[in-house]
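Before I ask anything, here is the structure I am working with.
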Amino acid sequence: MMLRQNSILSWMVGVAMATALLSGLAIFPRASSAYASADADRGKQLFEKRCTGCHSLDRNEEGPRLRGVYGRQAGKSPGFTYSAALQSSQLTWNDASLDKWLMDPDSLIPDNGMEFYVANQDERADIISYLKKLSTK
Ligand code: HEC
């Protein structure tokens, strides 16, 4: 009986380690390659197609103006009336926070006012790379 329990235990440890290894292999190269291959020009096209219904670069519309948003604290475009949730979020927009925001705004900041998301990771990376480029030049 002792023996059997031990072998079940070591089998379970083996499965857990294999799972960790496999998910590591599966997740990390994908996450990093999305950024490594991010393309600001493709991001610009996606931005114009997906975001400009509500956002412009230099004017507040239904959403706040987005030029310079990368590296800025969330909720700080002068003259735009943000949701209380976004305004008090204390977030700074960078690769990680923008990726979460564009993937699922409500899970990053519950009760925010942006009813939109981008499901595709590569597209998010492209859009973020475009926003970043606008902030750094
Ligand atoms: C349906 C309209 C709509 C669309 C489409 C939309 N947004 Fe928004 N966005 C908003 C609104 C409204 C807010 C302000 C939310 C709040 O106050 O909670 C916002 C806020 C933001 C913010 C935070 C800005 C700040 O000053 O803190 C970012 C970044 C952002 N949007 C990026 C994007 C990007 C990139 C896209 C395209 C992929 C996009 N949004 C598409 C409506 C939209």
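Readers should treat all values here as calculations from the given coordinates under stated rules, not as data from a laboratory. Just so you know, these numbers come straight off a predicted model, no measurement behind them. Virtual Cβ from ideal backbone geometry, glycine too; neighbours counted across all protein chains shown.
For region 39-136, report the convex hull volume of the alpha-carbon atoms normalised per residue, in Å³, without decimals.
86 Å³
Go through region 48-59 residue by residue and turn each phi into a ³J(HN,Hα) via Karplus (6.51, -1.76, 1.60, θ = phi - 60°); whole Hz please, and just put x for glycine and proline.
3J(HN,Hα) across region 48-59, in whole Hz: 5, 7, 9, 9, 6, x, 10, 10, 10, 6, 10, 10.
While we're on this one: Can you list the HN-Hα couplings for region 114-124, worked out from phi with the Karplus curve (6.51, -1.76, 1.60; θ = phi - 60°), rounded to whole Hz and with x for Gly and Pro?
Along region 114-124, the couplings run 9, 9, 6, 8, 10, 6, 8, 4, 5, 5, 4 Hz.
Could you work out how far apart the two model spin labels at D41 and Y117 are, taking each label as a point 7 Å from the Cα in the direction of the beta carbon, and quote it in nm?
In this crude spin-label approximation the distance works out to 3.1 nm.
Give the Rg (one decimal place) followed by the Dmax (whole number) of region 93-137, computed from C-alpha coordinates and expressed in Å.
Here Rg and the maximum Cα pair distance are 10.7, 33 Å.
By the scheme Lys and Arg +1, Asp and Glu -1, what is the net charge of all other residues having a beta-carbon under 14 Å from that of T92?
Its environment carries a net charge of +2.
Sum up the charges of everything whose Cβ sits under 13 Å from the Cβ of S83, counting Lys and Arg as +1 and Asp and Glu as -1, but leave S83 out.
It works out to a net charge of -4.
So what's the net charge close to G113: Lys and Arg +1, Asp and Glu -1, counting the other residues with Cβ under 12 Å from its Cβ?
-4
Can you give me the long-range amide H partners of T92? Hydrogens built in the peptide plane at 1.01 Å from N, cutoff under 5 Å, separation of 5 or more residues or another chain.
A74
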